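Colleague: Once you've had a glance at the structure underneath, I'll fire off some questions.
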Amino acid sequence: MGEQLLQLLFSGLTLGSIYSIIALILVITYKVTGILNLALGEFLVIGALLTVSFKSMGMPLIAASLLAIIIVALLAGVLERLTVNKARGASSLTMLIITIGISISLRGLALLIWGTDTYSLPSFTASGPIMAGGAALNPQSIWVFLLAAATLICVNTFFGRTYWGKAVKASVLSPIGAQLQGINLSTISLAAFVFSGALATAAGICIGPVTMVTYDMGFMLGVKGFIAATIGGLGSISGAVLGGLILGLLEAYSSGLISSGLNDAISIVILLAVLLIRPEGILGAISERKI
């Protein structure tokens with residue numbers, strides 16, 4: 001029983017780290033632009049699928065990954081200019097619907113290009129599983145942990161200790177004041193989407209060897225990331241990581257000890273609980289605001 005619990009702990013931490021990365025990207029975009037970008041899951045999937053395609057052409061994994069990151073970052077920037085930037089000044093609900101539209105469009109594009117097949121990416125390390133206490137830890141999970149930790153440290157440092165990070169936060173809290181200080185809100189929004197596309201691709205490449213990759217996996221990953229961010233508070237960077245770990249551990253233990261069909265149900269129950277117990281955690285975060 002102890003070995004099973006430890007194995008579920010490893011699985012939960014891996015899942016939780018994946019959700020934490022997505023939640024972090026969501027929170028970063030929100031803190032910078034005031035927009036909940038629900039297309040992040042599709043950026044992740046397209047980045048991973050592009051890497052698979054480039055790898056199948058004979059490119060080394062590093063080169064394929066870098067090229068995919070650049071392409072998706074540019075794609076995110078173009079979509080921001082064509083959609084979000086055109087609707088600048090609209091309500092937060094309108095912006096949310098726009099990002100949902102982007103998500104649906106990107107999912108359809110992925111279906112047309114890659115079909116319904118399941119793809120895999122090679123693990124970053126060729127070694128076998130790491131045994132600890134009778135449980136096996138996938139070496140790729142360590143890379144997922146490291147990406148989540150590195151993202152958390154870098155983002156906390158940027159927003160908490162740099163002039164530009166504080167200026168970016170101020171631009172969301174007081175757009176008019178930021179403009180008076182010479183901060184270009186349009187440029188900040190573009191940079192946020194480009195960065196989110198690049199980081200989402202890196203996340204997709206990192207988790208691809210663990211979860212496999214399909215054209216439609218982005219939607220559920222995006223939902224799980226949103227729920228994780230909601231648990232910790234949509235404006236909290238550290239809370240996004242904590243929420244992701246809590247969600248991952250709950251899913252792992254519920255599926256391992258009760259039923260494997262409970263993964264998605266647990267997430268929805270948690271979301272409903274947050275809505276019923278502390279609805280201001282979500283409704284306050286997506287209240288009407290101008291950017």
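The values are calculated or read from the model by the stated rules, or taken from the named source; none is laboratory data. These figures come from a predicted structure and were not determined experimentally. Every residue, glycine as well, gets a Cβ built from its backbone with ideal geometry; the counts of neighbours run over all protein chains shown. Surface areas here come from the heavy atoms of the whole protein model, side chains and all, with no ligands, DNA or RNA. Shrake-Rupley method; radii C 1.70, N 1.55, O 1.52, S 1.80 Å.
Colleague: Could you list, in sequence order, the residues of segment 215-232 that are charged (D, E, K, R) and part of a loop (DSSP other than H, G, I, E, B)?
Modeller: Selection gives D216 alone.
Colleague: Moving on to the next point. Could you please find all residues in segment 78-98 being open to solvent by 70 Å² or more (accessible area, probe 1.4 Å), without any contact (Cβ under 8 Å) to a residue 12 or more places away in the chain and not in a loop (DSSP other than H, G, I, E, B)?
Modeller: Passing the criteria: V78, L82, I97.
Colleague: Now, a different point. Tell me the residue from G256, G261, G239, G235 that is at pLDDT below 85 and not in a helix (DSSP H, G or I), please.
Modeller: Answer to the selection: G235.
Colleague: With (1) open to solvent by less than 50 Å² (accessible area, probe 1.4 Å); (2) part of a loop (DSSP other than H, G, I, E, B); (3) hydrophobic (A, V, I, L, M, F, W, C); (4) free of Cβ contacts under 8 Å to residues at least 60 places away in the same chain as the list, and A64 as the residue in question, which single condition is left unmet?
Modeller: (2)
Colleague: Right, something else. Identify, from the list L38, L75, L49, the residue that is surrounded by 15 or more Cβ atoms within 10 Å (Cβ to Cβ), touching a strand residue (DSSP E or B) at 6+ places or on another chain (Cβ under 8 Å) and not aromatic (F, W, Y).
Modeller: L49
Colleague: What number of residues within segment 99-127 satisfy the criterion of being free of Cβ contacts under 8 Å to residues at least 24 places away in the same chain and either out of contact with any Pro (no Cβ under 9 Å at 6 or more places or on another chain) or of a type in the set (S, T, Y) (or both)?
Modeller: Residues that pass the stated criteria total 7.
Colleague: With respect to I183, is the statement that it is at pLDDT below 80, more than 19 Å from I25 (Cα to Cα) and not small (G, A, S) true?
Modeller: Criteria met by I183.
Colleague: Considering only segment 99-117, state which residues are among the β-branched types (V, I, T) and open to solvent by less than 40 Å² (accessible area, probe 1.4 Å).
Modeller: The answer is T99, I102.
Colleague: Let me ask something additional. Take segment 1-52 and flag every residue that is in a helix (DSSP H, G or I) and among the small types (G, A, S).
Modeller: G2, S11, G12, G16, S17, S20, A23, G41, G47, A48
Colleague: Quick check on this structure: which one of K166, K224 is basic (K, R) and at pLDDT 80 or above?
Modeller: When all the criteria are applied, what remains is K224.
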